[in-house]
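Visitor: Encoded as structure tokens, here's the structure I'll be asking about.
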Amino acid sequence: MAASPHTLSSRLLTGWVGGCVWYLERRTIQESPHKFLHLVRNVNKQWITFQHFSFLRRMYVTQLNRSHNQQVKPKPEPVASPFLEKTSSGQAKAEIYEMRPLSPPSLSLSRKPNEKELIELEPASEIEDSINVGKETKEEKQWKEMKLQVDDLPGILARLSKIKLTALVVSTTSAGFALAPGTFDLPCFLLTSIGTGLASCAANSINQFFEVPFDSNMNRTKNRPLVRGQISPLLAVSFATCCAVPGVAILTWGVNPLTGALGLFNIFLYTCCYTPLKRISIANTWVGAVVGAIPPVMGWTAATGSLDAGAFLLGGILYSWQFPHFNALSWGLREDYSRGGYCMMSVTHPGLCRRVALRHCLALLALSVAAPVLDITTWTFPVIAFPINAYISYLGFRFYVDADRRSSRRLFFCSLWHLPLLLLLMLTCKQRRGGGNPGPPPS
């Protein structure tokens, strides 16, 4: 049976396709072992190519994830930094006005704005806050003229004159006047106290005037009136002059010339010797102790008109008391004094600072015994003063051994009540003389 033309063409097409497939299969089987061996032989060379492929794959995945994150969380609007230079006020207002129309004006009060509207409103408020912060920062940096109020002037002048230190000076002067032999002259006592107080205010004011650049570096003194600019240097010098001139005049012509000379000398010693020495040598501590020892001597000379053994004994007690007092105080302020540029014993010679404090604590015991020997007090005084003198000596010894802030603080606070109590005991045990001087000599 003869095949139809359609069937014959189909068989020819099938045979051609089958032959092609057979040829390709045979060629693949023959060449595949050679390709595998070629890949195995060149595996070391192809290893770098595999690493490159892995790196490109990771970079692609990273970029793809980043693009997804940016689509999910849009980048927030940049907020202007307050530390950068802000634009002019006109441009800033224009930016705010451009952001405000984002909120629909037809927003009724009865419904709450949706989340999208709140997100659109936030950038405008952030820009307003950043502009306000920038204005405040720039205004704070600008120089402002400080106006002095009349109501604040007494308090400022009291801090300028170190009113607490002045009160201590006047109290020691009063103790020297009261311990002097003779009858108590009230007008002379008042003039002595007023003159000494004015001289102390003048010396303290000049001291602060000279130490403004150094006090600004110390935490203890950075709030003083001249450092903060509450008053001008001219006003400070004028106040010191107005205190020094009448103070020395009252002591000279109202009391006696010897007391006036001591007051003038003490102002000079404090302002022209002690103040500059604080940045040069540790000898400033000894000079400062002399300055503190002169006021009770002035009280004695105001009552007697002469310098005798009693005046030097009182001066010696004040001289020795100041070393445990000031050395213990400066021990806790060593960092402050170093920052201010002051040459203090506690900073440069810490061992000497502790030894000197202990030495003068023990000296108070000997000076108390010398008081009845010089016929200033009775023998009861060294007996009843022994406990407080022994206690401050013990604290001085602990400060010498421990050399820490706790021991220095205990010694300092003990010195605050030790001196007034010691002077009160001296006044209580004062030697009564029947034939003493009737009063101070006429000036």
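Visitor: Could you list, ordered by first residue, the pairs with Cβ atoms under 9 Å in which the first is in the range 335-346 and more than 13 Å from Arg279 (Cβ to Cβ) and the second is of a type in the set (Lys, Arg), at least 6 apart or interchain?
Guide: If the second residue must be of a type in the set (Lys, Arg), the pairs left are Asp336/Arg220; Ser346/Arg334; Ser346/Arg354.
Residues are listed down the side, and each one gets a yes or a no for (1) open to solvent by 30 Å² or more (accessible area, probe 1.4 Å); (2) modelled with pLDDT of 95 or more; (3) among the aliphatic types (A, V, I, L, M); (4) not in a helix (DSSP H, G or I):
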| site | (1), (2), (3), (4) |
| --- | --- |
| Gly299 | no, yes, no, no |
| Leu307 | yes, no, yes, yes |
| Ser320 | no, yes, no, no |
| Phe323 | no, yes, no, no |
| Ser330 | no, no, no, no |
| Asp336 | no, no, no, no |
| Val347 | yes, no, yes, no |
| Arg359 | yes, yes, no, no |
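Condition check ((1) more than 22 Å from Ile294 (Cβ to Cβ); (2) touching a helix residue (DSSP H, G or I) at 6+ places or on another chain (Cβ under 7 Å)) across all residues:
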site	(1), (2)
Leu313	no, yes
Tyr319	no, yes
Gly340	yes, yes
Met344	no, yes
Gly351	yes, no
Ala357	no, yes
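Visitor: Let me ask you something else. Given the criteria outside the structural domain of Ala283 (by the TED database), acidic (Asp, Glu) and under 30 Å from Val255 (Cα atoms), does Asp404 qualify?
Guide: Considered against the rule, which asks whether it is outside the structural domain of Ala283 (by the TED database), acidic (Asp, Glu) and under 30 Å from Val255 (Cα atoms), Asp404 comes out as no.
Visitor: Give just the number: which of (1) closer than 24 Å to Leu374 by Cβ; (2) surrounded by fewer than 21 Cβ atoms within 10 Å (Cβ to Cβ); (3) β-branched (Val, Ile, Thr) does Ile156 not satisfy?
Guide: So Ile156 meets the others, but not (1).
Visitor: Among the residues of the range 195-234, count how many are among the hydrophobic types (A, V, I, L, M, F, W, C) and without any contact (Cβ under 8 Å) to a residue 24 or more places away in the chain.
Guide: Qualifying residue count, the range 195-234: 3.
Visitor: Only one residue in Thr172, Thr192, Thr241 is open to solvent by 10 Å² or more (accessible area, probe 1.4 Å), touching a residue at least 12 places away in the same chain (Cβ under 8 Å), within 30 Å of Pro257 (Cα to Cα) and of a type in the set (Val, Ile, Thr), so which one is that?
Guide: Result: Thr241 is the single residue among Thr172, Thr192, Thr241 that is open to solvent by 10 Å² or more (accessible area, probe 1.4 Å), touching a residue at least 12 places away in the same chain (Cβ under 8 Å), within 30 Å of Pro257 (Cα to Cα) and of a type in the set (Val, Ile, Thr).
Visitor: I would also like to ask the following. Does Thr275 count as open to solvent by less than 50 Å² (accessible area, probe 1.4 Å), closer than 18 Å to Thr166 by Cβ, out of contact with any Cys (no Cβ under 7 Å at 6 or more places or on another chain) and in the same structural domain as Ser174 (by the TED database)?
Guide: yes
The values are calculated or read from the model by the stated rules, or taken from the named source; none is laboratory data. Worth saying up front: this structure is predicted, and the values here are computed from it rather than measured. Neighbour counts are summed over all protein chains in view; Cβ atoms, including those assigned to glycine, are modelled from backbone coordinates with ideal geometry. Just so you know, the surface numbers come from the protein's heavy atoms only, side chains and all, with ligands and any DNA or RNA stripped out. Shrake-Rupley method; radii C 1.70, N 1.55, O 1.52, S 1.80 Å.
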